[in-house]
Amino acid sequence: MIILNYLLAISLVILSVVKTADLFIKSDQALTKIQIQFENQTKQKLKAELQSDKGNISLTAAVLTSILALLLLFYVSKMKIEYKEALYRKDSYLCFQYLNIQTEKYIKEISIFNWSLSTAYAAQASGVATAQAIEVFNALTIARNIRHFFYLKNLANNKYCHFPESLSYLKNTPFQTQSNMALVTNIDETTIVRQNKWSYIYYKKPSGIRLKKSFCLKSEFQIQNAFLPITKILSQEIPILGLSNLKCFSGASS
């Protein structure tokens with residue numbers, strides 16, 4: 001009877017061990033399966049996040065590239081406008097200076113012609129060397145007229161500026177002119193000063209620049225008379241914006 005009990009106990013122990021081992025094997029298989037599923041899900045999630053990050057990086061790069069391109073375009077456009085403004089200023093002052101220099105030279109040379117014509121006319125009228133005096137007088141008159149029209153030509157067309165930029169100078173010549181721009185003279189062919197003090201306005205029409213960068217230039221001339229061309233010139237720059245432009249467009253002569 002005792003032996004039977006031992007055999008029964010041993011059988012129960014062996015059965016318990018077998019059951020326990022089978023349970024551990026099944027549990028390990030279940031855990032392995034869960035681990036594999038977790039790893040797969042984790043990999044898929046990481047892959048999706050990586051792809052999303054790549055998309056975000058690409059979008060960010062595209063936005064930054066667009067911003068840089070717009071900034072570059074803005075600065076190029078700004079530099080182009082500033083370059084045109086610099087040329088506008090340079091050309092304006094070159095033309096203005098040229099017109100003033102030509103006018104000053106013209107006044108001095110016409111005054112010399114006036115002295116010469118007055119002397120030749122006096123010699124002609126006195127009867128001394130009449131034929132020669134008449135010849136000299138006529139030659140001086142022709143030379144003076146040529147110089148006058150050469151001055152007008154230099155104002156209208158030169159390498160610094162063109163008509164109508166020089167219109168103020170052409171309308172208000174230092175000496176009186178007729179409707180055909182020929183000089184008005186005295187009986188001895190000496191010229192007549194239009195007025196002892198006058199002004200010129202130079203204005204170059206702005207093109208491709210900011211209006212606030214445009215301006216006009218004004219010169220005031222003063223001489224004593226047709227024989228004593230003691231010329232005084234006062235120049236100034238006047239901005240176009242605001243009430244200052246009234247000085248530019250209020251008229252060329254004063």
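The values are calculated or read from the model by the stated rules, or taken from the named source; none is laboratory data. In this text, all values refer to a predicted model and were calculated from it rather than measured experimentally. Please note: Cβ atoms are built from the backbone with ideal geometry, for glycine as well, and neighbour counts cover all protein chains shown.
Within region 222-237, how many residues turn out to be under 12 Å from LYS108 (Cβ atoms) and free of Cβ contacts under 8 Å to residues at least 40 places away in the same chain? Before you say what the answer is, go through the steps one by one.
Looking only at region 222-237, we keep the residues that are under 12 Å from LYS108 (Cβ atoms), and these are 223, 226-231.
Still in the list and also free of Cβ contacts under 8 Å to residues at least 40 places away in the same chain: 230.
Residues in region 222-237 being under 12 Å from LYS108 (Cβ atoms) and free of Cβ contacts under 8 Å to residues at least 40 places away in the same chain: 1 in total.
Give the residue, chosen from LYS90, LYS54, that is of a type outside the set (Phe, Trp, Tyr), modelled with pLDDT of 80 or more, over 30 Å from ARG194 (Cα atoms) and surrounded by fewer than 12 Cβ atoms within 10 Å (Cβ to Cβ).
Unique residue meeting the criteria: LYS90.
Sort through LEU217, LEU183, LEU167 and tell me the only one that's under 15 Å from GLN102 (Cα atoms) and out of contact with any Cys (no Cβ under 6 Å at 6 or more places or on another chain).
LEU167
Looking at (1) touching a strand residue (DSSP E or B) at 6+ places or on another chain (Cβ under 7 Å); (2) not in a helix (DSSP H, G or I); (3) not aromatic (Phe, Trp, Tyr), which one does PRO164 not meet, given that it meets all the others?
With (1) touching a strand residue (DSSP E or B) at 6+ places or on another chain (Cβ under 7 Å); (2) not in a helix (DSSP H, G or I); (3) not aromatic (Phe, Trp, Tyr) applied to PRO164, the lone miss is (1).
For residues that are more than 14 Å from THR190 (Cβ to Cβ) and either outside any helix (DSSP H, G or I) or in contact with a helix residue (DSSP H, G or I) (Cβ under 6 Å, 6 or more places away or on another chain) (or both), tally how many sit in region 134-146.
Counting residues in region 134-146 that are more than 14 Å from THR190 (Cβ to Cβ) and either outside any helix (DSSP H, G or I) or in contact with a helix residue (DSSP H, G or I) (Cβ under 6 Å, 6 or more places away or on another chain) (or both) gives 2.
Kindly evaluate ALA139 against the criterion of being more than 37 Å from the chain's Cα centre (by Cα), loosely packed, with under 13 Cβ neighbours inside 10 Å, modelled with pLDDT of 90 or more and not aromatic (Phe, Trp, Tyr).
Working: more than 37 Å from the chain's Cα centre (by Cα): yes; loosely packed, with under 13 Cβ neighbours inside 10 Å: yes; modelled with pLDDT of 90 or more: yes; not aromatic (Phe, Trp, Tyr): yes.
The answer is yes for ALA139.
Which pairs have Cβ atoms under 6 Å, sit 6 or more apart or on different chains, and link a residue in region 155-172 that is touching a residue at least 24 places away in the same chain (Cβ under 8 Å) to one that is assigned to a loop (DSSP other than H, G, I, E, B)?
LEU155/SER166; GLU165/LYS204; SER168/ALA252; ASN172/ALA252; ASN172/SER253
When you check GLU109 against the structure, is it touching a residue at least 24 places away in the same chain (Cβ under 8 Å), outside any helix (DSSP H, G or I), over 30 Å from PHE215 (Cα atoms) and more than 31 Å from the chain's Cα centre (by Cα), yes or no?
When the stated conditions are applied, GLU109 does not pass them.
Would you please name the residue that is farthest from CYS95 (Cα to Cα), looking only at residues in region 169-194 that are in contact with a Phe, Trp or Tyr (Cβ under 6 Å, 6 or more places away or on another chain) and hydroxyl-bearing (Ser, Thr, Tyr)?
Restricting to residues being in contact with a Phe, Trp or Tyr (Cβ under 6 Å, 6 or more places away or on another chain) and hydroxyl-bearing (Ser, Thr, Tyr), the top hit is THR191.
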